[in-house]
1. Is it the case that the range 217-225 has a residue that's modelled with pLDDT of 95 or more and under 18 Å from the mean Cα position of the chain (by Cα)?
2. Check Ser245 against each of (1) open to solvent by less than 20 Å² (accessible area, probe 1.4 Å); (2) at pLDDT 95 or above and name the one condition it does not meet.
3. When the range 237-256 is examined, which residues are found to be of a type in the set (A, V, I, L, M), part of a loop (DSSP other than H, G, I, E, B) and in contact with a strand residue (DSSP E or B) (Cβ under 6 Å, 6 or more places away or on another chain)?
4. Taking into account only those residues within the range 128-166 that are hydroxyl-bearing (Ser, Thr, Tyr) and open to solvent by less than 50 Å² (accessible area, probe 1.4 Å), which is farthest from Val22 (Cα to Cα)?
5. Would you mention how many residues in the range 320-338 are open to solvent by 10 Å² or more (accessible area, probe 1.4 Å) and either part of a helix (DSSP H, G or I) or within 9 Å of Ala186 (Cα to Cα) (or both)?
6. Given the options Val293, Val304, name the one that is surrounded by 20 or more Cβ atoms within 10 Å (Cβ to Cβ), at negative phi, in contact (Cβ under 8 Å) with a residue 60 or more places away in the chain and not in a helix (DSSP H, G or I).
7. Could you tell me how many of the residues in the range 267-279 are open to solvent by 70 Å² or more (accessible area, probe 1.4 Å) and within 16 Å of Leu244 (Cβ to Cβ)?
8. Out of all the residues in the range 225-242, is one or more within 20 Å of Val293 (Cβ to Cβ), in contact with a Lys or Arg (Cβ under 8 Å, 6 or more places away or on another chain), among the hydrophobic types (A, V, I, L, M, F, W, C) and open to solvent by 30 Å² or more (accessible area, probe 1.4 Å)?
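The values are calculated or read from the model by the stated rules, or taken from the named source; none is laboratory data. Remember, it's a predicted structure, so these values are computed and weren't measured experimentally. Note: ideal-geometry Cβ built from the backbone for every residue, glycine included; neighbour counts use all protein chains shown. Surface areas here come from the heavy atoms of the whole protein model, side chains and all, with no ligands, DNA or RNA. Shrake-Rupley method; radii C 1.70, N 1.55, O 1.52, S 1.80 Å.
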Amino acid sequence: MNLKEIILSLCGLMSVSGNEKVASKELDAIVGSVFDEHKVDPMGNHLFIKRCGRENAPMILVDTHFDEIGMMVTGIKEGGFITVTNVGGVDTRILQAGEVTIYGKEPVYGVFTSTPPHFRKPGESDKLSPMDQLYIDTGYTKEALEEIVPLGSPVGFKPVYGELMNSRIYGKAFDDKACGACVVWALSDIPAHELAGDVCFLFSAEEEVGCRGAAPAAFGISPDYAMIMDVTHAAVPEVKDRNLSPFDSGVVVEIAAATDRNLTLMVKDLCDQGGIPYTIQACPGSTGTNANVMGLVAEGIPTVLCSLPLKSMHSAAEVISLKDAEALGNLTKAFVTSKEIAEVYAK
């Protein structure tokens, strides 16, 4: 399977937090053939399992979240305008004149209105309009919209993707479905007998609204150990006060208070042994990811957090390097086939 194609296929699906079940059939069509089982739990978590074929094998959890930031319809106005509120951490600075898709009974395309500079009063250009003062223009009549767009309908960035130089790609929802694509790419290439145990790939729900889905899913899975994957901020010129990883430096292995130190060091060794490029980041407080909750499930799940550098996070044009994504996929292969880790952490 081609990694870039998997990334674009998965990230193009609509999965605004709270709506993870909507694209179940499309998701299964893209990745289901890689796994032996696929189920969707009541929270909307997607659990894909690849069996190693051995009895009493350890259960290895690899989690990336399926949900993406977006919006929700709160009102329909005369002239075909829609008002929305945010679902997750949407940055209002990027919304004006932005293209979106409203997922009602049928897709409706819209553009956020933008006040031209000619009509702005002195000093207004430097002020951000709160989301409840922004409108989406659809071109429909109010009556037509009310028929096809119920209140509460999800709204997402229009799925537009492109390429930059040096294996960079841009588009919406790389946070965090690009990491999920790395897992699918990795597992598609591993014979079952080479796995260190049964592998559950958890495409978890509602991470963007408080890491709500991963914990109940993990409780039901009861894994022996886990790798959480999410995006992290890549180095950019305007941010100088943090030790951020530049593109093409590979996987970011997080040293975090919320994760298992020994498992993290073992994953670092996997990178060294396999020639997988990586950097280390210190994360003494909250990781901002599902790794925060894994230690609170049952008696606690030993967890390592590995991240994919990303620019322009929570925007319609997030940017990643395919070289870093390939490194994350190669680390996934090493992790799920590591007999040494399985021997240490199997219950």
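1. Start the filter on the range 217-225 by keeping residues that are modelled with pLDDT of 95 or more, which leaves 217-225.
Those left that are additionally under 18 Å from the mean Cα position of the chain (by Cα): 217-218.
Yes: one or more hits.
2. (2)
3. First, pick out the residues of the range 237-256 that are of a type in the set (A, V, I, L, M): 239, 244, 251-253, 255-256.
Filter once more, so that each one left must be part of a loop (DSSP other than H, G, I, E, B): 239, 244.
Leu244 - this is the single residue of the range 237-256 that is of a type in the set (A, V, I, L, M), part of a loop (DSSP other than H, G, I, E, B) and in contact with a strand residue (DSSP E or B) (Cβ under 6 Å, 6 or more places away or on another chain).
4. Residues of the range 128-166 hydroxyl-bearing (Ser, Thr, Tyr): 129, 135, 138, 140-141, 153, 161.
Among the residues that remain, those that are also open to solvent by less than 50 Å² (accessible area, probe 1.4 Å) are: 129, 138, 153.
Numbers: Ser129: 31, Thr138: 23, Ser153: 12 Å.
This residue is Ser129.
5. Within the range 320-338, residues that are open to solvent by 10 Å² or more (accessible area, probe 1.4 Å) and either part of a helix (DSSP H, G or I) or within 9 Å of Ala186 (Cα to Cα) (or both) number 6.
6. Details: Val293 fails: not in a helix (DSSP H, G or I).
Among Val293, Val304, only Val304 is surrounded by 20 or more Cβ atoms within 10 Å (Cβ to Cβ), at negative phi, in contact (Cβ under 8 Å) with a residue 60 or more places away in the chain and not in a helix (DSSP H, G or I).
7. Selection size over the range 267-279: 0.
8. In the first step, residues of the range 225-242 are kept if they are within 20 Å of Val293 (Cβ to Cβ); the result is 225-232.
Restricting the remaining residues to those that are in contact with a Lys or Arg (Cβ under 8 Å, 6 or more places away or on another chain) gives none.
No, the range 225-242 contains no residue that is within 20 Å of Val293 (Cβ to Cβ), in contact with a Lys or Arg (Cβ under 8 Å, 6 or more places away or on another chain), among the hydrophobic types (A, V, I, L, M, F, W, C) and open to solvent by 30 Å² or more (accessible area, probe 1.4 Å).
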